[in-house]
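Take a look at the structure set out below.
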Number of protein chains: 2
Amino acid sequence: MISMAVIRRLPKYHRYLAELIRNDIDRISSKELSEKIGFTASQIRQDFNCFGDFGQQGYGYNVRELYNEISRILGLNTEYSTVIVGAGNIGQAIANYTRFEKQGFFIKGIFDKNPKLVGLKIRDIEVKDVEELEDFLKNNKIDIGIISVPREQAQKVANIFVKSGIKAIWNFAPIDLEVPDDVIVENVHLSESLLTLTYRLNEANLFAKNKQK
Amino acid sequence: MISMAVIRRLPKYHRYLAELIRNDIDRISSKELSEKIGFTASQIRQDFNCFGDFGQQGYGYNVRELYNEISRILGLNTEYSTVIVGAGNIGQAIANYTRFEKQGFFIKGIFDKNPKLVGLKIRDIEVKDVEELEDFLKNNKIDIGIISVPREQAQKVANIFVKSGIKAIWNFAPIDLEVPDDVIVENVHLSESLLTLTYRLNEANLFAKNKQK
DNA sequence: TAGATTGTTAATCGATTAACAATC
DNA sequence: TAGATTGTTAATCGATTAACAATC
């Protein structure tokens, strides 16, 4: 119903509205917001109107109200329990990232298959053996499964998540997971992000070289 | 010239071609690739044709040849020197991620302002005080600047990068950096990624609730 | 009331898909 | 040569932008 293009803009609105609140601005027009955020005023109004009439003609938008609406739309009025599978660099970074806890994301378990990591404590949470994952998920309601294992093991972990009824996966492994239609996967493919950077860094040369041929 | 939509697909082609090579497949048609990668065959041919005629009628594409072409297009035939500013969770995770080094990305320096982190060794590289950053950049040719400091300090770091002539920034701070037109910024906004996940997890409820009103 | 700015429809633009002639 | 599959043009689809009547 709502296009992915719109959905991906929502968190950015959320972020800019948070900043307006920090700066004690309590009213904003689509035109003003447009100048800050870099979308057209028209697009901003279209986007908001997907979800309701949040503005007021002649006035604009009440910042705090709009912020609350978008928070609700993003599902930030709930708490989420998560598990992290893979306690390597990225897994630990996420586990240590306290900002997520403030936003309502709680880590209920961290798992790894490396015996050197099992038993390690990351912010009060002891890393468990991944063999215990399935049992753990039977006894604990988990909303979001986070995958930060190497590529080769990622699908196996996803399968356990799916089997255990997890409906949302945040995947850091460089692979496209296969899951049923009712399971949502959000990928963070760091390597792909970096390669778009190098592409753009070289783009000019690329076409200059082609001309020479 | 090449649209961002195409550019963002390139690393995915690269990844799938690497897998085909691992599986000893040396020829593939756009139709077969389409079934694996999930883009239409038409789109795949359009994408490749932005950069040249890599295929052959009646045959398809030579996997290794295509892989090499896309590697070159992505700028992977060069080495890149990088610095990481911010030696917290994410900074350390990136520094420890050895896969990048295999792809040709070398970390020449890590900086932080926290005295507790300064002096720490991450894979042979000693974390330096961020005060030394500008001098360091004067004496070392750096291609990519990586920002993994908190939001409040990110723009300041970006300014130093720009001033020092760095043309590519990989930014992990939750902020849109302001840089001149000739500087490329690639953002990894983890929080925004997570919020699109929670949005989709709640989307069904969202519209069910609206109906009740 | 007059000015401002929204909500919303219509027009435009760009990206994806379909079709097919070219050609290996 | 016949079959397969590309490269490329044309058609379609979806997303963005422009315009303006509604209304605070």
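Nearest-to-axis residue in chain A, judged by Cβ distance to the rotation axis that brings A onto B and given in whole Å, is A:A93, 2. Modelled spin labels at A:D24 and A:T78, positioned 7 Å past Cα toward Cβ, are 3.7 nm from each other. A compact globular protein would have a Cα radius of gyration near 2.2 N^0.38 Å; the ratio found for chain A is 1.25.
Dipole orientation for chain B: of the candidates B:V188, B:I142, B:A41, B:A41 has the Cα lying most toward the positive pole (charges on Cβ; Lys, Arg +1; Asp, Glu -1). Ligands, DNA and RNA left out, the accessible area of chain A computed with a 1.4 Å probe is 47% carbon and sulfur. Taking each residue as 0.36 nm, the span from A:K31 to A:N96 lengthens on full extension beyond its C-alpha to C-alpha distance by 19.6 nm.
Residue by residue, the stretch A:45-59 carries 3J(HN,Hα) couplings of 5, 4, 4, 4, 6, 5, 10, x, 9, 8, x, 9, 4, x, 10 Hz when phi is fed to the Karplus relation 6.51 cos²θ - 1.76 cosθ + 1.60 (θ = phi - 60°); x denotes Gly or Pro. Put a dot 7 Å past the Cα of B:A41, heading toward its Cβ, do the same for A:Q56, and the two dots end up 5.8 nm apart. The overall shape of the protein assembly as shown is rounded: from the C-alpha gyration tensor, with semi-axes ordered a ≥ b ≥ c, the ratio a/c is less than 1.5. Summing Cβ point charges (Lys, Arg +1; Asp, Glu -1) relative to the Cα centre of the stretch B:4-73 gives a dipole of roughly 240 debye.
Relative to one another, the C-alpha centroids of the stretch B:21-81 and the stretch B:136-200 are positioned 30 Å apart.
Counting only protein heavy atoms and using a 1.4 Å probe, the accessible area of A:E69 comes to about 50 Å². The calculated FRET efficiency for the pair A:S191 and B:N68, based on their C-beta separation and a Förster distance of 22 Å, comes to about 0.80. Normalising the average separation of contacting C-alpha pairs (under 8 angstrom, six or more residues apart) by the number of residues puts the relative contact order of the stretch A:80-192 at 24 percent. Shape summary of the stretch A:80-192, radius of gyration then Dmax from alpha carbon positions: 12.8, 36 Å. The A:E134 and A:D181 beta-carbon pair, evaluated with R₀ = 22 Å, returns a calculated FRET efficiency of approximately 0.45. Computing FRET efficiency as 1/(1 + (r/R0)^6) for A:A5 and A:K121, where r is the C-beta to C-beta distance and R0 is 51 Å, gives about 0.75.
The values are calculated or read from the model by the stated rules, or taken from the named source; none is laboratory data. The structure presented is a predicted model; accordingly, all values stated were derived computationally and were not measured. For neighbour counting, all protein chains shown are included, and Cβ atoms are generated from backbone atoms with ideal geometry for every residue, glycine included. Quick note on the areas: whole protein, heavy atoms, side chains included, nothing else; ligands and nucleic acids left out. Shrake-Rupley method; radii C 1.70, N 1.55, O 1.52, S 1.80 Å.
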